[in-house]
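Engineer: Dropping the structure in here first, questions after.
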Amino acid sequence: MLIVPKVSQIIFFHLKSDDVEDSVIEFKARVADENEESLIIEFPIDTVTGKVKRLHVGDALAAHFITTTGVKHFFETHVTDVMLGEFPLVELARPSKDEMTSMQRRNFFRVMIEVDIAVRTENGQQFVFKTDDIGGGGISFIIDRHEHFEESEKLDCWVLLPHRNGTIEHSNFIGEVLRLKVLETGRKIVMMKFHEIIESERQRIIRFLFEKQIELRDR
């Protein structure tokens, strides 16, 4: 059964824009109505400033909502109509089953992907590595056999997030090393969880992973 936002439920979204500044702003809106083809939402507002956002027909959105059971559902959609009047509304294309990705709020999915991650240790040493996988709860990266990190060590990290539209974002967090796994080549995988990360940075990573999942599915 396809789960979509219900009437009165709040959805959150970001504009899928070539403008990096626009694409990182989060908006929220209440679902006013739904039918077999559309979701009708109230005019959205910026979750930080509270300012109303005017959408236009054709605007592409990366959206999500959370059910009462704590499952977060991600989907992509676009604006099909803007209805002005006493109570302005926006019509969105109803997502199909193939366009939905779900995950438990605390059990974040992971994607095998290689991107740059800059790491700074507590004593100021700096390195650049390649990730092995990325998730909403942590990151793994590859180091050479002569390099080493201790379990529970805290690392200040910046991970590179290259989007398919050519824009590049960076997400910053403090990671805690959980364990190291030695590969047959002698190189090692450092498995790390997010120790300190603000929610907007986590959401930036999750949006990136959601985009990559769609790319992999469409190949």
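The values are calculated or read from the model by the stated rules, or taken from the named source; none is laboratory data. Everything numeric in this text was worked out from a predicted model, so none of it was measured. Cβ sites come from the backbone with ideal geometry, for glycine too, and all protein chains shown count toward neighbours. These area figures cover heavy atoms from the full protein model, side chains too; ligands, DNA and RNA do not enter into them. Shrake-Rupley method; radii C 1.70, N 1.55, O 1.52, S 1.80 Å.
Engineer: Can you spot a residue in the range 153-176 that is over 17 Å from GLU122 (Cβ atoms), in contact (Cβ under 8 Å) with a residue 24 or more places away in the chain, touching a Phe, Trp or Tyr at 6+ places or on another chain (Cβ under 6 Å) and open to solvent by less than 40 Å² (accessible area, probe 1.4 Å)?
Structural biologist: Yes, there is a match, as at least one residue in the range 153-176 is over 17 Å from GLU122 (Cβ atoms), in contact (Cβ under 8 Å) with a residue 24 or more places away in the chain, touching a Phe, Trp or Tyr at 6+ places or on another chain (Cβ under 6 Å) and open to solvent by less than 40 Å² (accessible area, probe 1.4 Å).
Engineer: Here's something else I'd like to know. May I ask you to list the residues in the range 50-77 that are part of a loop (DSSP other than H, G, I, E, B), surrounded by fewer than 16 Cβ atoms within 10 Å (Cβ to Cβ) and modelled with pLDDT of 85 or more?
Structural biologist: GLY50, LYS51, ARG54, HIS56, VAL57, GLY58
Engineer: Can you name every residue in the range 78-98 that is modelled with pLDDT of 90 or more and among the polar types (S, T, N, Q)?
Structural biologist: Once the filter is applied, which keeps residues that are modelled with pLDDT of 90 or more and among the polar types (S, T, N, Q), the range 78-98 yields only THR80.
Engineer: Among the residues in the range 116-132, are any open to solvent by less than 40 Å² (accessible area, probe 1.4 Å), touching a residue at least 60 places away in the same chain (Cβ under 8 Å) and in a loop (DSSP other than H, G, I, E, B)?
Structural biologist: No: zero hits.
Engineer: Here is a follow-up. Can you pull out the residues in the range 80-91 that are touching a Leu at 6+ places or on another chain (Cβ under 6 Å) and either under 22 Å from ILE206 (Cβ atoms) or open to solvent by 60 Å² or more (accessible area, probe 1.4 Å) (or both)?
Structural biologist: MET83
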